[in-house]
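Right, one structure below, let's go through it.
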Amino acid sequence: MSRAARIVTLATVLLGALSLGGCGIFGGAKNTRPPTALAPIKTTLRVDHLWTSSIGNGNGGYFLHLRPYVSGKLLYAADHAGTVAAYALKDGRQQWSVKTGRKLVGGVVGGDGMLFVGTQDGMVLGISLKQRGLVWQTQLSSEVMALSGISEGTIVAHTNDGKLFAIDTTTGNVLWSHGSEPPNLILRGKSRPVIDSGNVIAGFSSGKLAAFSLDTGAQLWELRVGEARGASELQRLVDVDGRIVLSDSGNTVYAASYNGRVVAAQTAGGQLEWSHKMSSYAGLALGPNAVFVTDADSDIWALDRSNGASLWKQDALHFREVTAPTVVAGYVVVGDYAGYLQWLSSSDGSLVAREQVGGGAIQVAPVVVGDTIYVQTAGGRLSAYRVLGPSDKANGSNSDGGSSSTKVGGFNF
């Protein structure tokens, strides 16, 4: 699906006509940006494929952000058709499953002995791990696109109409809500709210990043990440839809917007620390010294965490609908539209390993636990890969545009 095909309108007259996948008014558009063909790379990182399993019909042909959740010795996953299932981390064997009877579009997240998923018809479902069944369901205003982690017995849902809802994890009661009027045209997807030190931080289709009190919902600050400019509504898209990340100390938040910039801001008051002009709808990840970002053209960047200056850029995956980066064992890994996982050196961006997962596109970044990643494809394939370390003997071959990257030093644009 082309990037343009992910765009949906919120105009009331069109809501019923648009497809769940966001293909509505752009569904017939031809992708005029063919993805870059994969060139051979010199494999210098050993990666072990541990197991492969499956979860129902996966995304059911839609562009969704269904992602695995790992806790203890189990991985939990969901499919669009409504199944939530548990798998053993050691071998991927399914342990149990629940049929929710709903079309699922957001999650899975967990905590407090529960699992939580969001539905197409605007519900958050609470599933008890002990009972292995649905214990409550709460109706919200529209599709539940993203769910936060759990903190202080509360989960925060982000709906497709731009609203946040704080929900009690035990009862399903809505504790507070915040409404944000979206533009007429938005990207398909919503940023996953992050919770830290009693605050909730989320990005919005208006191009703003904002923080709220977890207890009361009172807005604490807001920061404009993207400024709507241009003659057309397409040019004025500035959604903050990608992954938002906090520093380990919780003092800094990093976010990116479409047609906007990457920013670092203080979580205490939202003061801007630095910004770097870039368009991204996938989001970013943090390393010890760098911020790794997938831009809107699927080029991958490393920015200096201290000032946002460019360190390197990898463009060998141009237009391949690459996910947000994930950092594992000191390397950067991304997935793409064809079901490939690509590992990059965090120091220079060179491609060091590649694995074909298969089972459709990889639409969400892999989940990391230690030196292992768990990935879910659009077709419902679940796979686990472990980083073993540098290869004693390099495999494959390099060619122009393969594993090389562009050093851009302090160049900032």
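The values are calculated or read from the model by the stated rules, or taken from the named source; none is laboratory data. No experiment lies behind these values; they were computed from the predicted model shown. No Cβ is skipped: glycine too gets one built from the backbone with ideal geometry, and neighbour counts run over all protein chains shown. SASA here: full protein model, heavy atoms, side chains in, ligands and nucleic acids out. Shrake-Rupley method; radii C 1.70, N 1.55, O 1.52, S 1.80 Å.
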Among 365, 353, 329, 378, which is in contact with a strand residue (DSSP E or B) (Cβ under 7 Å, 6 or more places away or on another chain), aliphatic (A, V, I, L, M) and closer than 22 Å to residue 107 by Cα? 365
Take the residues in the range 244-266 that are polar (S, T, N, Q) and not in a strand (DSSP E or B); name whichever of them is most open to solvent (accessible area, probe 1.4 Å). 251
Has the range 46-66 got at least one residue that is under 23 Å from residue 122 (Cβ atoms), open to solvent by less than 10 Å² (accessible area, probe 1.4 Å), at pLDDT below 65 and not charged (D, E, K, R)? no
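For the condition among the small types (Gly, Ala, Ser) and crowded, with 22+ Cβ neighbours inside 10 Å, what is the one hit in 329, 316?
316
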Within the range 72-87, track down each residue that is open to solvent by less than 10 Å² (accessible area, probe 1.4 Å) and either in contact (Cβ under 8 Å) with a residue 60 or more places away in the chain or among the hydrophobic types (A, V, I, L, M, F, W, C) (or both). 75, 77, 78, 79, 84, 85, 86, 87
From 92, 101, 126, which residue is in a loop (DSSP other than H, G, I, E, B), open to solvent by less than 10 Å² (accessible area, probe 1.4 Å) and modelled with pLDDT of 95 or more? 92
Of everything in the range 156-170 that's touching a residue at least 24 places away in the same chain (Cβ under 8 Å) and open to solvent by 10 Å² or more (accessible area, probe 1.4 Å), which residue is nearest to residue 62 (Cα to Cα)? 160
Keeping to the range 267-300, report how many residues are open to solvent by 10 Å² or more (accessible area, probe 1.4 Å) and not small (Gly, Ala, Ser). 13
Can you tell which of 153, 113, 179 is in contact (Cβ under 8 Å) with a residue 40 or more places away in the chain and open to solvent by 20 Å² or more (accessible area, probe 1.4 Å)? 153
Every residue from the range 365-378 that is among the β-branched types (Val, Ile, Thr) and either open to solvent by 10 Å² or more (accessible area, probe 1.4 Å) or outside any loop (DSSP other than H, G, I, E, B) (or both): 367, 368, 369, 372, 373, 375
